[in-house]
Structure formats: C-alpha cells, structure tokens
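Step one of this worksheet: look at the structure below.
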Amino acid sequence: MFPTHVYIARRAQLKRTLGSGLVLFLGNREVGMNYLANPYPFRQDSTFLYYFGIDRPNLVAVIDIEHDREILFGDDLKIEDIIWMGHQPSLSEQAEAVGVREVLPMRRLLSFLKRTRRQGQLIHFLPPYRAEHVLALKDWLNIAPQKQKASASEALIRAVVAQRSYKSDEEVAEIERAVNLSVEMHMAAMRSARPGHLEAELAGMVEGIALSAGGRPAYPIILTVNGQILHNHYHGNKLEPGQLVLGDFGAETSLHYAGDLTRTFPVSPRFTTRQRDIYQVVLDAQLHALSLLRPGVRYLDVHLAAAHRIAEGLKALGLMQGDTEEAVAHGAHALFFPHGLGHMLGLDVHDMENLGEDRVGYSESQRRSTQFGTAYLRLARELEPGFVLTVEPGIYFIPSLIQQWKRKEHCAAFINYKALDRYRSFGGIRIEDNVLITKTGYRLLGEPLPKSVASIEALRAAS
Ligand SMILES: [Mn+2]
C-alpha cells in the first residue's frame with residue numbers, strides 16, 4: 001500500500017471537486033467460478049483501490065461530504081472464517097492504514113443509505129460493471145438495473161477521471177515496476193521460443209514469471225502465431241519455422257498497477273525478407289508516433305500520423321497506392337491497422353474503461369470518429385504531463401476482412417488487392433511500449449526491450 005497520507009489526500013481532492021453529496025464506493029466481492037467457494041482470483045475494484053487501498057472483498061466505503069465523514073462498511077472475520085482463511089488484520093487496522101476512522105458492520109449500511117435518501121442528500125455512485133453490484137444498487141437505492149448506468153453520477157465520473165488520469169510519482173514508479181516485470185516476461189518468451197513448442201508452453205512460462213514475482217497477468221495473455229486475430233487467447237498452436245509469434249502481455253504488481261507490452265518475433269532465428277519489410281513499417285510508425293509525444297498534442301493526431309506512416313510504408317511495398325493523405329482520410333489504412341494507437345494505462349490496463357471510454361479518452365469538444373479503424377481509438381484527447389499511455393501500432397492481414405473489402409471494392413483506389421493475395425497467411429505484427437508524458441515530451445517506461453530487427457534477431461540467434 002502507499003503511505004496513509006496518499007489516500008487521505010486523494011479523498012480530500014475528490015471532496016473538494018464534488019463539493020457536496022454522499023459518495024458510495026462499491027468494493028468488489030468474490031465471484032464463483034463454478035461455485036462460490038471456488039472463486040475467480042479476487043480483483044478489487046480499481047477506483048476503490050485508488051481512494052481506499054484495501055485489497056479485500058466485501059467492503060463498501062462512503063464519503064459523506066456535507067457531514068465530513070468517511071466510513072468503511074464491512075465485517076471482521078468470524079471464527080468460522082479464520083479456520084479456513086487464517087487471521088487477517090482487523091478492518092479497523094486496515095482502515096487506519098488508509099486514514100479512515102469510522103468502521104461499521106455491513107448490516108448498518110442499508111439503514112444508513114435509507115437515512116441519507118430520506119434526508120434528500122445526493123448519492124453519487126459509478127456505473128456498475130459487475131452483476132453483484134447491479135443487484136446491490138437495486139436493493140440499496142431501489143434503482144432498476146436498466147436505469148443504473150444513466151443514474152450513475154456524471155460529476156463523480158468526471159472527478160475520478162480528472163484525478164486518476166494524472167499519475168503521481170509513486171504511481172509512475174509502481175507502473176514502471178509493472179513494466180519491468182512485463183519486460184522480463186517478454187525477454188523470456190523471445191529467448192525460449194523454439195520450433196515445436198506449443199504457444200501454451202510459452203504462455204504458461206510468462207504467466208509463471210508474473211506470479212513468481214508476486215504479481216499476475218494484467219489481462220489475458222495473447223501469445224500466438226495468429227497475430228492477425230487481435231484478441232486471440234487460444235494457445236493450442238505449435239510454433240513452426242517461418243512463423244511470427246505475437247506476444248501482447250504484461251504484469252500487474254501487487255498494488256495492481258499494470259504494464260502492457262507487445263513484441264513480435266520470428267520462430268526462426270531471422271525474419272524472412274517479407275516479414276522484415278512489414279516489421280520495419282510498423283517500427284517506423286511506432287518510432288514516429290513516439291517522437292510526436294508531448295503535452296498539447298492530440299493523441300488523435302498521433303494516431304493519424306502513425307496511420308500515415310503505415311500507408312506510406314505499405315505503398316513503398318506495393319500494397320497500397322495513390323495519395324497517402326487521401327488514403328488515410330478515407331480510412332484505407334484501417335484494412336491493415338484496424339485499431340487505435342493506444343490507451344491510458346494505470347490501475348487498469350485500459351485505465352478507467354469502466355467509467356466510459358469517451359469520458360476517459362475524449363475531451364468534451366471531441367466527437368469520436370465513426371470511420372472503421374479510427375472509431376476504435378480509445379484515446380484521442382490532448383496529452384498532458386502525468387498521463388501514462390500505450391503506443392501500439394500494428395499491421396495485420398486479416399483474410400476475411402481483405403475478402404470483404406475486395407468484394408465491395410472498398411478503397412480500391414488506395415489498395416493493391418492483387419498484390420495482397422500473397423500475404424493472406426502472413427499473420428500480424430504489433431509493437432507496443434508504455435510511456436509517461438512529461439513537461440517537455442515523454443519518457444519510455446521500464447528497461448529497454450529489444451524492438452529493432454537487428455536486436456530481435458540477435459536475441460533469437462543467441463537463444
Ligand atoms: Mn495495449
């Protein structure tokens with residue numbers, strides 16, 4: 001946990017921003033995988049962690065701004081629980097560690113909330129993303145499930161986003177720990193991959209590295225010879241010479257800050273010429289995007305600049321054609337680069353996505369593009385010092401997408417469909433790093449992880 005004053009200051013800032021009302025924070029509960037006593041790994045809600053830091057299920061916290069009270073609702077373990085779970089610090093001890101003075105048993109919550117509602121005090125809550133919380137809000141506040149998203153507090157969402165978007169020094173240090181652990185995982189994968197290995201062997205190894213360091217994967221591991229399937233969690237393929245392996249995985253630390261890195265490398269010691277050519281285009285786009293990062297730049301423009309580089313590169317290889325500017329304006333690049341350049345990173349790998357992508361990644365005056373490709377950009381707003389984000393362009397050859405566009409002759413002025421036939425089984429390449437926006441530019445987080453063709457081939461040859 002961070003020092004006590006960190007949590008006190010975070011709550012104080014939230015209270016100042018909101019000014020009035022009662023803020024209700026729902027901690028997460030255990031969720032049964034096939035029955036409740038066999039749960040999914042427990043993951044505390046990130047906003048709860050941010051303001052209250054206590055990594056334990058079945059808690060609710062409230063901040064009553066008008067009456068200047070902060071209360072933790074929850075129950076200490078009974079002897080029946082201690083038999084199975086051992087002794088745990090008491091709730092009052094845990095509350096004290098984050099500067100909360102009042103602890104009340106959970107059975108007091110309902111009457112507390114009833115009284116609040118009777119007195120006409122505004123209750124702020126965030127949109128729920130777990131079924132248990134939907135049911136709880138129905139029980140406690142009598143709001144129908146389908147109305148809860150709209151009833152969530154706009155002011156609270158804004159206030160939380162405004163706070164969590166700017167990472168403090170201690171948060172950046174923790175994210176950097178996560179990135180360094182993620183670097184270790186990627187180094188191990190690039191060093192160990194051999195023809196004949198199953199993807200699952202490598203996926204298991206990198207997950208083990210996260211676990212043995214006291215962390216765990218920040219999201220389901222993507223480690224695949226089918227990099228063109230963007231969120232591919234299947235690990236049953238055998239690695240064969242000539243294939244590419246795309247690994248998109250990262251660790252979260254014990255404080256639950258995340259790293260999110262992607263590398264693509266050949267199963268053979270060296271890239272084929274065609275793989276190297278495409279790889280170089282992705283790398284150029286990534287390096288170009290990085291070079292543009294500084295406060296005041298819209299990430300939308302960085303995304304489009306990366307798209308421009310990709311289109312230029314593919315034109316040089318004869319896969320695209322025509323005027324590059326026009327091609328990007330028409331969204332032709334999205335046949336190869338159908339996702340956004342990146343997203344915020346923090347306590348969540350897509351930071352604060354449960355509060356709404358647009359609330360986090362777009363300013364009030366920005367409208368999300370409806371064009372295929374750019375529409376998926378999670379972060380478009382002007383960058384500011386303290387933002388931590390990912391930079392992750394990619395090029396993919398997705399057979400069914402190519403087929404669909406070709407049939408419709410979509411963007412035919414900009415795409416050489418005939419030349420594309422030879423790339424149908426190419427797969428996909430993505431390169432992803434994590435950065436902190438500084439006052440003057442950016443800082444790459446974590447130890448350097450090889451990404452040039454030469455450094456990746458050297459690593460593969462030495463292994
Ligand atoms: Mn990412």
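The values are calculated or read from the model by the stated rules, or taken from the named source; none is laboratory data. Worth saying up front: this structure is predicted, and the values here are computed from it rather than measured. Glycine also receives a Cβ, built like all others from the backbone with ideal geometry; neighbour counts cover every protein chain displayed.
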(request) Check L290 against each of (1) over 24 Å from I456 (Cβ atoms); (2) within 16 Å of the ligand (Cβ to nearest atom); (3) out of contact with any helix residue (DSSP H, G or I) (no Cβ under 6 Å at 6 or more places or on another chain) and name the one condition it does not meet. (result) (1)
(request) Could you identify the single residue in F265, F336 that is under 20 Å from F372 (Cβ atoms) and touching a Gly at 6+ places or on another chain (Cβ under 9 Å)? (result) F336
(request) Specify the residue that is surrounded by the most Cβ atoms within 10 Å (Cβ to Cβ); the eligible residues are those in segment 334-346 that are under 17 Å from V391 (Cα atoms) and more than 11 Å from the ligand (Cβ to nearest atom). (result) F336
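Which strands (runs of 3 or more DSSP E) does segment 57-127 wholly contain that include 3 or more residues that are over 31 Å from the mean Cα position of the chain (by Cα)?
On the way: elements: 60-64, 69-73, 102-104.
Correct list: 102-104.
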(request) May I ask you to verify whether V349 is among the aliphatic types (A, V, I, L, M), surrounded by fewer than 24 Cβ atoms within 10 Å (Cβ to Cβ) and within 16 Å of the ligand (Cβ to nearest atom)? (result) yes
(message) Which of the numbered conditions does A210 fail, given that it passes all the others? Conditions: (1) farther than 30 Å from A12 by Cα; (2) small (G, A, S); (3) not assigned by TED's automatic domain parsing to the domain that holds V391.
(response) (3)
(request) Report yes if E392 is charged (D, E, K, R) and more than 16 Å from the ligand (Cβ to nearest atom), otherwise no. (result) no
(request) Restricting attention to segment 209-257, report how many residues are of a type in the set (F, W, Y), more than 19 Å from F426 (Cβ to Cβ) and surrounded by fewer than 22 Cβ atoms within 10 Å (Cβ to Cβ). (result) 1
(request) Looking for whichever is in a strand (DSSP E or B) and either of a type outside the set (D, E) or touching a Phe, Trp or Tyr at 6+ places or on another chain (Cβ under 8 Å) (or both) here; the options are F265, F271. Which one fits? (result) F265
(request) Determine the pairs where a residue that is closer than 15 Å to A334 by Cβ and touching a residue at least 60 places away in the same chain (Cβ under 8 Å), located within segment 308-321, has a partner that is of a type in the set (A, V, I, L, M, F, W, C) and surrounded by fewer than 18 Cβ atoms within 10 Å (Cβ to Cβ) with Cβ atoms under 6 Å apart, the partner being 6 or more residues away or on another chain. (result) L319/A419
(message) Considering only segment 258-274, I want to know if a residue exists there that is more than 16 Å from the ligand (Cβ to nearest atom), touching a residue at least 24 places away in the same chain (Cβ under 8 Å) and within 21 Å of the chain's Cα centre (by Cα).
(response) no
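Which of the strands (runs of 3 or more DSSP E) contained wholly in segment 332-446 include at least 1 residues that are closer than 21 Å to E171 by Cβ?
On the way: elements: 388-391, 394-396, 428-430, 433-437, 442-444.
Counting at least 1 such residues, we get 388-391, 433-437, 442-444.
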(message) Condition first: closer than 18 Å to L255 by Cα and in a strand (DSSP E or B). Now tell me which residues in segment 198-221 satisfy that.
(response) R216, P217
(message) Among the numbered criteria (1) over 22 Å from V282 (Cβ atoms); (2) within 16 Å of the ligand (Cβ to nearest atom), which one does K439 miss?
(response) (2)
(message) Filter segment 2-50 down to the residues that are among the aliphatic types (A, V, I, L, M), under 23 Å from Y219 (Cβ atoms) and in contact (Cβ under 8 Å) with a residue 24 or more places away in the chain and list them by number.
(response) L26, V31, L49
